[in-house]
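Novice: Got a structure here, written out as C-alpha cells. Questions coming.
The values are calculated or read from the model by the stated rules, or taken from the named source; none is laboratory data. Since the model is a prediction, treat every value here as computed from it, not as a measurement. Backbone-built Cβ (ideal geometry, glycine too); neighbour counts: all protein chains shown. Calculation scope for accessible area: heavy atoms of the full protein, side chains included, ligands and nucleic acids excluded. Shrake-Rupley method; radii C 1.70, N 1.55, O 1.52, S 1.80 Å.
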Amino acid sequence: MISRLGLPAESSRRGFLLSTLGVTGVTAALARAQKSASAPFVILENSMGILVADSTRCVGCRRCELACTEFNDGRSQPAIARIKVARNYNFGPRGQGAGLGRSPGEFGNFRVLQDTCLQCPHPVPCSVACPNDAIVADLETKARRVDTGKCKGCRLCLEACPWEMMNFDEVSGKATKCFLCDGKPECVEACPALALRFVPWRDLTHDTPVRRAALAALRDPKSAGCPACH
Amino acid sequence: MGEFGGWTGKTLRVDLSNGRVQIEDTIARYMSVLGGTGVGYRVLWDEVPARTRAFDPQNKIILGVGPLTGTGAPSGGRTSITTIFPTVYPDELVATGHMGGAWGAELKYAGWDNVIIEGRSQKPVYLAIVDGKVEIRDASHLWGNGIYHATSSICQEMGADTQVAAIGQAGENLVRLSVVMTGFSHSAGGVGGVFGSKRLKAIAVKGSGSVRIAADKKEWKQLIRYILSIMGANNQHVVPSTPQPWAEFYAPGSRWTARKGLFWGAARPAVETGECLPEDLNRMGYRTAKATYDLGPNAEKYTVRMGGCVSCPIRCHSHLDVPSVEEKYGFSRYAASTCVGWGGRGFFKSFPDGARGQSSIEAAVVGAHLAGDLGIWTNYSQLQRDFKYAYDQGLIKANLSDSEYRSIPWERFEKGDPGFLKEIYTRIAYKQGEFGAALGEGSGRLAERWKFPPEYYKEPGTSWWKMGHPKHHSSEEAGQTGVLINMMYNRDCQCHSHSNFLSSGLPVRILKELAARLWGAGAVDEDNNITPVNLDKARFAAWSVLRKELHDSLTLCNWMYPLAASPLKSRGYEGDNSVEARLYSAVTGDRKDAAQLDLVAERIFAMHRALTMRDMANMDMRGRHDTAPDWVFDYPPDKKPFTPGHYKMEREDIERAKDLFYQVLGWDRKTGAPARASLEKLGLKDVADRLAALNLLPAS
C-alpha cells in the first residue's frame with residue numbers, strides 16, 4: 001500500500017498519516033497505544049522528505065560526506081557521514097570479488113553508488129530496535145533522528161539497519177543518523193554534480209538492496225503493541 | 001584532540017630494517033614546515049647523510065600530508081612523496097612525487113599526518129594501517145603482481161574501502177621511471193623504485209577517525225562557499241572554451257569545456273555537461289569534460305563520467321569505457337587518466353585512422369593500463385619523446401644487438417598498432433634486454449648510455465630541460481618567469497602557479513590589471529611579445545614557486561590553486577591571493593595571513609635549496625644548477641630576442657633574471673645560494689650553520 005500510493009509534494013502531516021496507514025488504522029492504533037502504557041507506540045509518522053541519489057552523475061568527490069560531518073559536527077569524518085560514498089567507491093557494495101572492471105566503482109565500471117538513509121516507514125528498524133526510544137520522528141520534518149538525550153550508546157540500532165546507514169560517534173558516545181539537516185540537507189547543497197536531490201518522501205525500502213541481514217526481531221515490550229494492527 | 005585543528009598530531013615512522021614502529025609529535029617537530037613536502041625536506045636534511053643515493057637503505061621516503069587534507073578545503077586531496085629521487089641526473093637529489101586520490105585523507109582519518117619509511121626489509125612487505133594499529137605484513141604473495149591486483153588483494157585482506165598506494169613490477173625491479181599509484185589513476189612519479197629498493201610493495205590505510213576544523217561550522221561553510229565561488233575549471237581556467245551566453249570571453253585552450261550538446265556519452269543514460277554558469281556551484285563537476293579535450297571528439301561517446309580526488313569539485317580525471325580495447329587487446333575496457341597525453345599515444349608517429357581516431361583512443365587506454373598496472377612513470381612524456389627520438393635517429397638499432405632489435409615487432413609500431421605498447425612497457429618494467437633496461441633509466445642516463453648527440457640537449461623538439469627532466473611550462477608560456485621556475489628544481493618543476501594564471505583564458509589587458517595588484521603589471525607580456533626581464537617577472541616567479549611549495553605542504557592542488565583570477569565578471573575577474581591562508585587559519589586555528597604563510601613557504605623552499613646544495617656538494621647554484629637548455633636561447637634561429645611572434649630568450653637577460661630572483665628571496669647574487677641572513681630570517685639558523693660547516697654558505 002505504501003509504495004503504491006506515493007506522496008504529493010504538498011502533503012500535510014495528516015496526509016502522511018493517511019497514506020501510510022489509512023484513517024481507520026491510525027485512529028485505532030493511536031487509541032490502543034494510548035490505553036496501553038506497557039506497549040510503547042512504535043509507529044512513527046512518515047518523513048516528509050527523502051534524499052535520492054543518481055549514480056550516473058556521482059563523480060566520487062565525497063564532498064557530500066565532508067559537508068555532512070563538517071557542517072553538522074565541526075569535523076571531517078566520513079566514517080560517521082550520514083551519506084555514504086567511500087565504502088562503495090573502490091569496488092561497489094559487494095567488494096572486489098568480481099574482478100577488475102566487473103563490479104561498480106573506481107576499479108570497476110566507474111559507477112559510484114551513494115547510500116542514503118531511506119527514512120523508513122513503519123516498522124523503522126533503527127527506531128524499533130532502540131531500547132531507549134531514542135530514535136524519533138523530527139517534529140518538523142519527521143525525519144528519523146537520534147534524540148541524543150535518550151541515546152545510551154548501546155549500538156543496537158547499528159545492528160538493526162539493513163542498509164548500514166546508522167553510525168556511532170565515538171566522540172559523543174551516541175548513535176547518529178541522517179536527519180535531513182532540518183529540511184535543508186547539506187549534502188545536496190554540496191554536490192558539484194547534481195547527483196543528489198531532496199524530494200518528497202516515498203517508500204524506497206523495497207527498491208533498495210539491503211547490505212546485510214539485519215537484527216529484525218522486535219523485543220518486548222515494544223512487540224506487545226504489534227497485534228493491535230497485525 | 002590537540003591544540004590545533006587540521007593536524008592529527010601524530011607522525012608515523014617505520015624502520016623496515018628492524019620492524020620498529022615509532023610515533024612522533026607532528027606539532028613539535030614539523031609544524032614549522034606545515035606538512036607534505038615541507039616535512040620531507042626537513043627529514044631528509046636532518047637524517048639522511050649527504051650524497052645518499054636513491055636506492056640506498058639510508059634513503060628515506062616521506063609520505064607527507066598537510067593540515068588541510070582530509071577536510072572539505074576544496075581540492076585538498078593531495079599527498080607529497082619526498083625522497084632522494086632516482087631519476088635526477090647525474091647526482092641523485094631531493095625531489096617530490098605527488099599523488100591525489102583519497103589516500104592522504106584516509107591517512108588523516110586513521111590518525112596520522114605523515115609516514116616516514118626508513119631502512120630496507122629483508123623480504124617483500126606491505127604496511128597495513130588501520131587507525132592506530134600499524135602492521136608490517138608479508139607481501140610475498142603480492143610481489144611480482146601489478147598494481148591493480150595488488151590493490152585488489154590488499155582490499156580483500158583489509159576491506160574493500162581500504163586506500164592502497166602500491167608499486168608495480170617496475171618499482172619492484174628498481175626501474176627509475178616508476179610510480180606509486182593509488183585509486184586506479186593517481187600516481188606519484190619517480191618514487192616507485194625507492195619503494196622497491198626497500199621491498200615495500202604498498203602502504204594500505206583505513207581510518208575511522210576525524211580531522212577537526214578549528215573554525216566554527218558557520219564560518220567554515222561560508223569560507224568554503226566563497227572559495228568555490230571563485231574557482232574556475234581545471235587548471236583554474238576561468239573562461240569557457242566556446243562562446244557561452246553568460247561569458248564575456250572564451251578561449252579555445254580553456255579546460256572549461258562544458259557546453260550544451262556535449263555529453264558524458266557512455267553514462268547510462270548519457271549526461272549532458274551543459275551550460276555551467278560560474279555561480280552554479282552544483283554544476284562545477286561538469287565544467288571540465290576532459291576526454292574530448294585530450295583525445296578529440298570521438299572520446300565523447302566513451303566518457304562514463306569525470307572523476308578525481310577526494311574533496312575536489314573540479315573533476316579532471318576522464319573515465320572512459322572503450323569496449324574495443326577488451327575485444328582487441330584483452331585489457332579492461334575501463335580506464336581513467338588526467339594526463340593530457342594519456343601515456344600510450346605519445347610513443348607513436350601516427351595512427352592508421354589519424355591523430356584523433358579510434359586507434360589513438362585505444363592506444364590511450366591500453367597505455368593507461370600498462371603504465372598504471374606495471375607502474376611505469378613517463379616523466380611528463382619524456383619517455384615517449386626519447387623513444388621516438390632514439391628510433392628516428394637510429395639509436396635504438398645502434399645500441400641493441402641484432403637479435404634483440406629483431407625481437408621487437410617494429411612493423412606493428414610503424415602501423416600504429418596500440419598492441420605494440422605491450423612490447424615497450426613490459427620490457428621496461430622487467431628491464432628486459434638493453435631496450436628495457438635503458439629506457440627505464442630516465443632521460444639523463446638513457447641519453448648518456450645510448451650516446452644521444454649534442455643536438456638532443458639543444459633542440460626544442462626534445463623538450464629536454466636539465467638534470468634528466470623536461471621543461472614544464474617554461475619560456476613558451478611564461479617567458480623569463482617560466483625559465484626561472486624551471487631552473488629551480490631537480491626534476492621537472494611541476495609548478496602550475498604561473499601557467500594557470502597566464503592560461504586562464506582572460507585577455508592580456510585583464511591579466512595585466514590583476515598582475516599589477518600582485519607582482520606589478522610588468523609581470524605579464526603582450527601575447528607573443530616578450531620584453532626584457534623586470535623585477536615584476538622575478539616577483540611573479542618567486543611567488544609561483546613559493547605557492548607551489550605551500551600547496552605541496554598544506555596539501556592543496558597546485559593545478560587549481562593559487563586563485564589569482566576568478567570567473568566572476570562582477571569581481572573584475574579578480575581571484576583572491578589569501579585563500580590558502582584563510583583555509584589554513586580556519587582549519588588549524590593558527591591564524592596567519594597570506595604574507596606570513598608565504599614566509600613559511602619560503603622556509604620550505606630554502607630547505608629544498610639547502611638540500612640540493614648539500615647533495616651536489618656545490619654552492620654555485622647559479623652556474624651549476626639554475627640552468628636552461630640552449631634551445632631556450634637559440635630557437636628560432638632566425639629571430640632576435642624581444643621581437644614579436646616567438647619566445648626566444650637572451651642569455652644575458654636570463655642572467656639578469658636570476659639576479660632579480662635571488663634578490664627577491666635574499667639569496668647571494670654571485671652563487672644563488674641562500675645567505676645566512678635570509679636563512680636566519682626564516683628560522684633556519686641550524687641550516688645556515690650546517691651549510692657553513694660544509695663551506696656552502698656564501699661569504700656575504
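Novice: Would you mind working out the magnitude of the charge dipole of the stretch A:130-183 relative to its Cα centre, with +1 at each Lys and Arg C-beta and -1 at each Asp and Glu C-beta, to the nearest 20 Debye?
Specialist: Details: 8 positive and 9 negative charges, 23 e Å.
Taking the Cα centre of the stretch A:130-183 as origin, the dipole is about 120 debye.
Novice: Once the dipole of the stretch B:487-626 is set up with Lys and Arg at +1 and Asp and Glu at -1 on Cβ about the Cα centre, which of B:G522, B:H608, B:M488 lies farthest towards its positive end?
Specialist: Working it through, the farthest residue towards the positive pole turns out to be B:H608.
Novice: Nothing charged except the Cβ atoms of Lys and Arg (+1) and of Asp and Glu (-1): what's the magnitude of the dipole of chain B about its Cα centre? Round to the nearest 20 debye.
Specialist: Details: 84 positive and 78 negative charges, 111 e Å.
Dipole of chain B, to the nearest 20 debye: 540 debye.
Novice: Report, by chain and number, residues whose modeled amide H sits under 5 Å from the one on B:V271, excluding near sequence neighbours (fewer than 5 apart, same chain).
Specialist: B:W264
Novice: Report the gain in length on full extension from B:S229 to B:Q156: 0.36 nm times residue separation, minus Cα-Cα distance, nm rounded to one decimal. Intermediate values should be presented prior to the final figure.
Specialist: Values: separation 73, 0.36 × 73 = 26.28 nm, distance 4.04 nm.
Fully extending the segment from B:S229 to B:Q156 adds 22.2 nm.
Novice: Rounded to the nearest 500, what is chain B's calculated 222 nm mean residue ellipticity when only DSSP H runs of at least 4 contribute -39500 (n - 2.57) each, over all residues?
Specialist: On the way: 28 runs with 261 residues, N = 700.
Result for chain B, helices only: -10500 deg cm²/dmol.
Novice: Return the FRET efficiency for the residue pair B:E652, B:N618: r is the Cβ-Cβ distance, R0 is 22 Å, and the value is rounded to the nearest 0.05. Could you put the intermediate results ahead of the total?
Specialist: Details: r = 23 Å, r/R0 = 1.06.
Here the calculated transfer efficiency is 0.40.
Novice: If you roll a 1.4 angstrom probe over the protein chains with everything in place, what fraction of the accessible area of the protein assembly as shown belongs to carbon and sulfur, to the nearest %?
Specialist: Values: 16440 of 32060 Å².
Within the protein assembly as shown, the accessible surface is 51 percent carbon and sulfur.
Novice: Using the Cα centre of the protein assembly as shown as origin and beta-carbon charges of +1 (Lys, Arg) and -1 (Asp, Glu), tell me which of A:L156, B:P641, A:L180 is placed farthest towards the positive end of the dipole.
Specialist: Of the listed residues, the answer is A:L156.
Novice: Next up: B:S32 versus B:S570, label points 7 Å from Cα toward the beta carbon: distance in nm?
Specialist: About 4.5 nm, to one decimal.
Novice: On to the next question. With the crude spin-label approximation of a point 7 Å out along Cα→Cβ, what separation in nm comes out for B:S401 versus B:R268?
Specialist: My value for the distance between the label points is 5.1 nm.
Novice: Return a whole-number percent for the relative contact order of the stretch A:49-228, with Cα pairs under 8 Å and 6 or more residues apart as the contact set.
Specialist: 27
Novice: Same structure, new question: Please give the contour-minus-distance gain from B:A516 to B:L277: 0.36 nm per residue of separation, less the Cα-Cα distance, rounded to one decimal in nm.
Specialist: Working: separation 239, 0.36 × 239 = 86.04 nm, distance 2.75 nm.
Taking B:A516 through B:L277 to full extension adds about 83.3 nm, to one decimal.
Novice: Hey, what's chain B come to in accessible area per residue, 1.4 Å probe, Å²? Don't jump to the answer; show the numbers that get you there.
Specialist: Values: 22020 Å² over 700 residues.
Solvent-accessible surface per residue comes out at 31 Å².
Novice: Related question: Please get the size of the charge dipole for the protein assembly as shown, origin at its Cα centre, with Cβ charges of +1 on Lys and Arg and -1 on Asp and Glu, quoted in debye to the nearest 20. Write out the running numbers ahead of the final one.
Specialist: Working: 114 positive and 100 negative charges, 329 e Å.
Charge dipole of the protein assembly as shown: 1580 debye, to the nearest 20.
Novice: Points 7 angstrom from Cα along the Cβ direction at B:Q393 and B:D56: gap in nanometres?
Specialist: 3.1
Novice: Rounded to the nearest 100 Å², what is the sum over both chains of accessible area buried where B meets A, with a probe of 1.4 Å? Please list the in-between numbers first.
Specialist: Numbers: alone 23980 and 12180 Å², together 32060 Å².
Answer for the B-A pair: about 4100 Å² buried.
Novice: Work out how much length B:E47 to B:R449 would gain on full extension: take 0.36 nm times their residue separation and subtract the Cα-Cα distance, in nm to one decimal.
Specialist: 141.5 nm
Novice: Can you list residues whose amide H is under 5 Å from B:W465's amide H, if they're 5+ apart or on another chain and H is modeled 1.01 Å from N?
Specialist: Excluding prolines and chain starts, which carry no amide H, the hits are B:K471.
Novice: Determine, for each peptide in A:160-167, A:44-51, B:66-73, B:216-223, the mean count of other beta carbons within 10 angstrom over its residues, then list the peptides with the highest first.
Specialist: Numbers: A:160-167: 21.6, A:44-51: 23.6, B:66-73: 31.9, B:216-223: 15.4.
Order by mean packing, descending: B:66-73, A:44-51, A:160-167, B:216-223.
Novice: I'd like to compare B:601-612, B:105-116: which one has the highest average count of other Cβ atoms within 10 Å, and what's the full order after that?
Specialist: On the way: B:601-612: 24.2, B:105-116: 25.9.
So the order, starting with the most tightly packed, is B:105-116, B:601-612.
Novice: Still on this structure: For B:311-323, what's the mean count of beta carbons from other chains sitting within 10 Å of each residue's beta carbon?
Specialist: 3
Novice: Along the Cα-to-Cβ line of A:A213, 7 Å from the Cα, sits a label point; which residues in the stretch A:162-181 have backbone N less than 12 Å from it?
Specialist: No residue passes the distance filter.
Novice: Find which of B:W410, B:G442, B:I396 sits farthest along the positive direction of the dipole of the stretch B:391-447, computed with +1 on the beta-carbon of Lys and Arg, -1 on that of Asp and Glu, about the Cα centre.
Specialist: Sorting the options by dipole projection puts first B:G442.
Novice: Which whole-number percentage describes the relative contact order of chain B, with Cα contacts under 8 Å and a sequence gap of 6 or more?
Specialist: Values: 1663 pairs, mean separation 100.9, N = 700.
That works out to 14 percent.
Novice: So what is the relative contact order of the stretch B:471-556, in percent, for Cα pairs below 8 Å that sit 6 or more residues apart?
Specialist: On the way: 99 pairs, mean separation 23.9, N = 86.
Result for the stretch B:471-556 is 28 percent.
Novice: In addition: Name the long-range amide H neighbours of B:N529: under 5 Å, sequence gap of 5 or more, or other chain; modelled H, no Pro or chain starts.
Specialist: Under 5 Å from the amide H of B:N529 lie the amide H atoms of B:G645, each far enough along the sequence or on another chain.
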